[in-house]
C-alpha cells in the first residue's frame, strides 16, 4: 500500500455545503485530515484512480491534488492527525 497526500481547493461551499460527501468518502477510506484541506491515506490504488474517485464528490471547478510520497520524503509540524510511516 502506498501513502498519499490529498489536497483540495473547494471553491463552492454554497452548492456543496461543507463537502460532507467528500469528507465521508475520505473517512470511509480511512483517510485522516492533517491540515485544513489536506488528507493522508494509504491505498493500493494509483494516484490517478484516487483522483478520479474523489472528483465525483466535488464541483467541476474545484481542484484536487493526489501525491504519492514514500516513507521518508515528508515532514509535518502540528499536523491534525498522526502520520506514521508504517
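The values are calculated or read from the model by the stated rules, or taken from the named source; none is laboratory data. Remember, it's a predicted structure, so these values are computed and weren't measured experimentally. Don't worry about glycine lacking a Cβ; one is built from the backbone with ideal geometry, like all the others, and counts go over all protein chains shown.
Things worth noting here:
- Of the set (1) loosely packed, with under 15 Cβ neighbours inside 10 Å; (2) over 11 Å from residue 5 (Cα atoms); (3) at pLDDT below 90, all apply to residue 74 but (2).
- Hits in region 16-38 (condition: modelled with pLDDT under 85 and either touching a helix residue (DSSP H, G or I) at 6+ places or on another chain (Cβ under 8 Å) or part of a helix (DSSP H, G or I) (or both)): 16, 19, 20
- Region 47-71, residues that are under 13 Å from residue 2 (Cβ atoms) and touching a residue at least 12 places away in the same chain (Cβ under 8 Å): 47, 48, 50, 66, 67, 68, 69, 70, 71
- For region 39-57, the candidate set comprises residues that are surrounded by fewer than 16 Cβ atoms within 10 Å (Cβ to Cβ) and not in a helix (DSSP H, G or I); within that set, the residue that is modelled with the lowest pLDDT is 42.
- Checklist (1) under 15 Å from the mean Cα position of the chain (by Cα); (2) not in a helix (DSSP H, G or I) applied to residue 72, failing item: (1)
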